[in-house]
Amino acid sequence: MPETPLHRPGRFGPYGGQYVPETVMPCLRELEAAYAAARADPGFEAELQALLCNYSGRPTPLDLAGNLSRDIGTEARIYLKREDLNHTGAHKINNCLGQVLLAVRMGKSRIVAETGAGQHGVATATVCARFGIGCVVYMGQEDMRRQRPNVERMELLGAEVREVTAGSRTLKDATSEAIRDWVTNVADTHYIIGSTVGPHPYPLIVRDFQSVIGREARAQILEHEGRLPTDVVACVGGGSNAAGIFAGFVDDADVRLHGVEAAGSDAGHSLALGLGRPGVLHGSYSYLVQDDDGQVLEAHSIAAGLDYPGVGPEHSYFKDQGRVHYDRVGDADALVAFADLCRLEGIIPALESSHALAYLRRLLAADGPGGDLVVVNLSGRGDKDMHTVMEAAR
Amino acid sequence: MKLAAHTDRIRAAGRKALVPYFTAGYPDDATFLDLLATAADTGCEVVEIGVPFSDPVADGPVIQQTGHAALAAGVTLRRTLELAAAHHATHGTALVIMSYLNPILTMGVDAFADAAAAAGVSGVILPDVPHEESAPLRAPLSRRGLNLVDLVAPTSGAERLEVIAGGSEGFLYLVSLTGVTGSALNTDGGLLEFIADVRRRTTTPCYVGFGVSTPEHARALAPVCDGVVVGSALMRLVRDAAGPDAALGAARRFLTTMNEALNECPEGNAP
């Protein structure tokens, strides 16, 4: 797993760090050491590759979406990186497989995780079932309501789903509660963070485990087209699917990278990079949606997986460096893009991924900045969102 | 005055410090100030004032609730310091601000240090700033005469204990358990061994907190430490009281009992 030249231990430029209670600091050291040892061990890489291939179904296809191009009215060729075809229906399992192997190496017998849309919770519950490890998933009450099928899936997979009723009852509060559990049970418990957030080394580890998306996509586009894409597009909540696909192209200076945040609606937004300013939440220093007193605000998005006021520290660094262009798409446009992909390509995308799809209409408009070869990370499938989409339609 | 001057004086006088924690502006500004006065009346010489924060990851349910209520009532870091100054104008209590980092970053570390010093604050506890991240905070605070209180935990291990305890100032905050504030505490051999291990590494006064909630805890800990912090147990009494007067009465009885338990230590000023 190659490091990007931007990486510096513990920080991405000024962003990242380890802002956590002392109780878990030794555990972060242990995780750093375990990860370094794993990366140096060819056996670890082989075991992970075998799981990604045989259990999750990698490599995922890079799929030309011709009808979508025609509907947009563009000559550009649009490829979808089909992370929705992973086992459990999203990119989340790439990280969970890597982290559960680390947990086993560290001798941990219990896993905790937070989840927003439920995709990370399902992926965690899935790998815990496979490895016979106890699993507790924290999920906000509001998310449990709107992602009911994923709650049922997690329970079927043997995980205990604990309802979080604090604050906005969404991903932010579920993350706080997962951290509290971890602080309490740190001796036997590994915390599988679902995105490129949290204290070092999590943003780095999650990025590395997700970078398989970018490596595959780069090789596939070269095979299909004989050249690199002009543009790569991904949605950004915490930012793991974006970090994963960007990792494959960040060193290709001519490839434009676009991260799409959730602009939500009149009820609020999740624009950490778009409207926030740097601050500390959940262990790292990064752009953050907060008020003038440094209180973290409740985020909003119709996509539960983007409904988070923070963002991974590497994205904050990319923003400041100007390496990635961050833009925004609201609930309404995401819903349109969701319906479009169903109708045009026979693919039901996750509402999160629908934000990246909606951005294509601006990117590839006649006066838009897009080039003629675009890769979009279709980070997950949308079966889980049927309830939300039907509710929005009413 | 720096916190160290207070805590050294308390130890030199042979007293064990009872450090009550109050969420700033809870249940309202006036009652909060009366609670601080009550603490001073009952013999508490150091008081911890909690700045409410939207995402208090180190806190259990009680302090999450009181902080949430204070936030809803509009309590900010700035308001917290105004309240601290109001108490400081009439009392000699050593005031320690406990805050998560983000409100302080937002105000600016230097601006915070200036404002805290002007309000009569002696020390600062930052539960989400471990030793590794503390340097950019410690120097500006120190320049204004404020001590940054370090925390050590049962999980810290010898190497970290040595470094953290060795550099500690004001008091060293011994987190009594692996968990959040207000968890159930077991004052058994493991905890006593941890405390003894820490004390071998520093001459800084050692105060024990997280889960300390009963006179029995105070009696068990008095012989082995220099003070205890009580937060959730005290804030639960305040929260559950029928009104401000009941809250003040409950706090007075609790703090009196705890102070008596802490200072009836038969070994006197040992260890």
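The values are calculated or read from the model by the stated rules, or taken from the named source; none is laboratory data. Computed from a predicted structure; not experimentally measured. Don't worry about glycine lacking a Cβ; one is built from the backbone with ideal geometry, like all the others, and counts go over all protein chains shown. These area figures cover heavy atoms from the full protein model, side chains too; ligands, DNA and RNA do not enter into them. Shrake-Rupley method; radii C 1.70, N 1.55, O 1.52, S 1.80 Å.
Rounded if a/c is under 1.5, else prolate if a/b beats b/c, else oblate: with a ≥ b ≥ c from the C-alpha gyration tensor eigenvalues square-rooted, which is the range B:3-264? Walk me through the intermediate numbers first.
Details: a/c = 1.41, a/b = 1.09, b/c = 1.29.
Rounded is the answer for the range B:3-264, as its axis ratio a/c remains below 1.5.
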Nearest-10 value in Å² for the accessible area of A:HIS87, using the 1.4 Å probe = 70
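Using a 1.4 angstrom probe on heavy atoms only, work out the carbon and sulfur share of the accessible area of the protein assembly as shown in %.
On the way: 11480 of 22270 Å².
Looking at the protein assembly as shown in its full context, I get 52 percent from C and S.
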message = Need one word for chain A: rounded, prolate or oblate. Basis is the Cα gyration tensor (sqrt eigenvalues a ≥ b ≥ c); a/c below 1.5 gives rounded, then a/b vs b/c decides.
response = rounded
task = Give the range of the longest stretch in chain B that excludes all GluC sites (Glu not before Pro) found in loop regions by DSSP and having at most 13 other beta-carbon atoms within 10 Å.
result = B:1-263
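May I ask you to compute the full-extension gain from B:ALA89 to B:THR203, defined as 0.36 nm times their residue separation minus their alpha-carbon distance, rounded to one decimal in nm? Intermediate values should be presented prior to the final figure.
Values: separation 114, 0.36 × 114 = 41.04 nm, distance 3.11 nm.
That works out to 37.9 nm of additional length.
For B:VAL96, A:VAL161, give me the order by solvent-accessible area with a 1.4 Å probe, most accessible first, ignoring ligands, DNA and RNA. It would help to have the intermediate numbers written out before the result.
Numbers: B:VAL96 0, A:VAL161 25 Å².
From most accessible down to least: A:VAL161, B:VAL96.
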query = For A:LYS92, which lysines qualify as cross-link partners when the Cα separation must be under 26 Å and same-chain residues fewer than eight apart are set aside?
reply = A:LYS81, A:LYS108, A:LYS172, A:LYS319, A:LYS384
remark   = Normalised Cα Rg of the range A:246-394, dividing by 2.2 N^0.38 Å with N its residue count, works out at 1.07
ask   = At a probe size of 1.4 Å, how large is the accessible area of A:TYR202, to the nearest 10 Å²?
value = 0
task = Calculate the dipole size of chain A relative to its Cα centre from +1 charges on Lys and Arg beta carbons and -1 charges on Asp and Glu beta carbons; express the result in debye to the nearest 20.
result = 520
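For B:ARG138, A:ARG70, A:ARG130, A:ARG328, give the ranking by accessible area with the largest first, probe 1.4 Å.
Values: B:ARG138 45, A:ARG70 170, A:ARG130 135, A:ARG328 95 Å².
Order by accessible area, largest first: A:ARG70, A:ARG130, A:ARG328, B:ARG138.
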ask   = With contacts defined as alpha carbon pairs under 8 Å and 6 or more residues apart, what's the relative contact order of the range B:101-228 in percent?
value = 20
request  = With springs only between Cα atoms under 10 Å apart, run a GNM on chain A and tell me which of A:ARG77, A:ARG153, A:ARG29 wobbles the most.
outcome  = A:ARG29
message = Skipping prolines and chain starts, which residues have an amide H placed within reach, meaning under 5 Å, of the one on A:GLY140, given they are 5 or more residues away or on another chain?
response = A:THR115, A:VAL164, A:ALA174
ask   = Of A:THR165, A:LEU51, A:VAL20, which is farthest on the positive side of the dipole of chain A, counting Cα position, with +1 on Lys and Arg Cβ, -1 on Asp and Glu Cβ, and the Cα centre as origin?
value = A:LEU51
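On a 1.4 Å probe surface of the protein chains, which of B:ASP240, B:ASP55 comes out largest in accessible area, and what is the full order?
B:ASP240, B:ASP55
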key: Rg [Å, one decimal], Dmax [Å, integer] - the range A:288-373, C-alpha atoms   = 15.1, 47
ask   = Two-decimal Rg/Rh of the range A:179-240 from alpha-carbon positions, Kirkwood Rh?
value = 1.17
Choice from A:HIS200, A:HIS282, A:HIS91 showing the highest fluctuation, given a GNM over chain A with Cα pairs closer than 10 Å = A:HIS282
request  = Just tell me which lysines come within less than 23 Å, Cα to Cα, of B:LYS2; anything on the same chain fewer than 8 places away is out.
outcome  = B:LYS16
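Once you charge only the Cβ atoms, +1 for Lys and Arg and -1 for Asp and Glu, what is the size of the charge dipole of the protein assembly as shown about its Cα centre, to the nearest 20 debye? Could you put the intermediate results ahead of the total?
Numbers: 56 positive and 80 negative charges, 105 e Å.
For the protein assembly as shown, the charge dipole is close to 500 debye.
Would you mind calculating the relative contact order of chain B from Cα pairs under 8 angstrom and at least 6 residues apart, reporting the percent as a whole number?
24
Normalised by the residues of chain A, what does the relative contact order come to in percent, with Cα pairs under 8 Å and at least six apart? Write down the numbers at each step before the final one.
Working: 886 pairs, mean separation 78.4, N = 394.
Normalised by residue count, the contact order of chain A is 20 percent.
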